[in-house]
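Enquirer: One structure coming up, written as structure tokens, with questions to follow.
Bear in mind these aren't lab numbers, they're just calculated from the coordinates by the rules spelled out. These numbers were taken from a predicted model, which means no experiment stands behind them. Every residue, glycine as well, gets a Cβ built from its backbone with ideal geometry; the counts of neighbours run over all protein chains shown.
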Amino acid sequence: MHDEVAQPAPGGDVPAVDSWKEDLRRQFELWLESLEDIPETQELRDAPDLYSLYEELTALRNETRKGNRRSAEVFGQVGESLGQARRFLEESMGELATRSFHRSHPFRKAPRASGYSADEHASHRV
């Protein structure tokens, strides 16, 4: 089909463009003549009336509101859970830091063979 249509000549030759348009018009007219009957559009048998449309839109609005409420509840619960997890992690990190500090500190408070604590041992030094 595309081979039958003459291409415009390079340089914008106006008569070549006009012949291309005429060929396209001729092909379209032949196609129109080849159609015996134009199919009739069928009307919808069960077309909804305005009241049915309004009723469905109202139901959709109510379902959307319920869904939004549920989403808000879920996001609230997720927020609470994340807050609890954050507090737990902060407490755990603080406890780990305290334990790590006591292990690495040279004067930790632990009983020694002399019976003095690390602070008491430090204060008896001269």
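Enquirer: With a Förster radius of 41 Å, plug the Cβ-Cβ distance of residue 96 and residue 63 into 1/(1 + (r/R0)^6) and report the FRET value to the nearest 0.05. List each step's numbers first, then the result.
Expert: Values: r = 49 Å, r/R0 = 1.18.
The computed FRET efficiency comes out at 0.25.
Enquirer: Full extension from residue 80 to residue 38: what is 0.36 nm times the residue separation minus their Cα-Cα distance, to one decimal in nm?
Expert: So the extension gain works out to 8.6 nm.
Enquirer: Per residue of region 71-83, what does 6.51 cos²θ - 1.76 cosθ + 1.60 with θ = phi - 60° give for ³J(HN,Hα)? Whole Hz please, x for Gly and Pro, Karplus curve as stated.
Expert: Residue by residue, region 71-83 yields 4, 5, 5, 5, 5, x, 5, 5, x, 5, 5, 5, x Hz.
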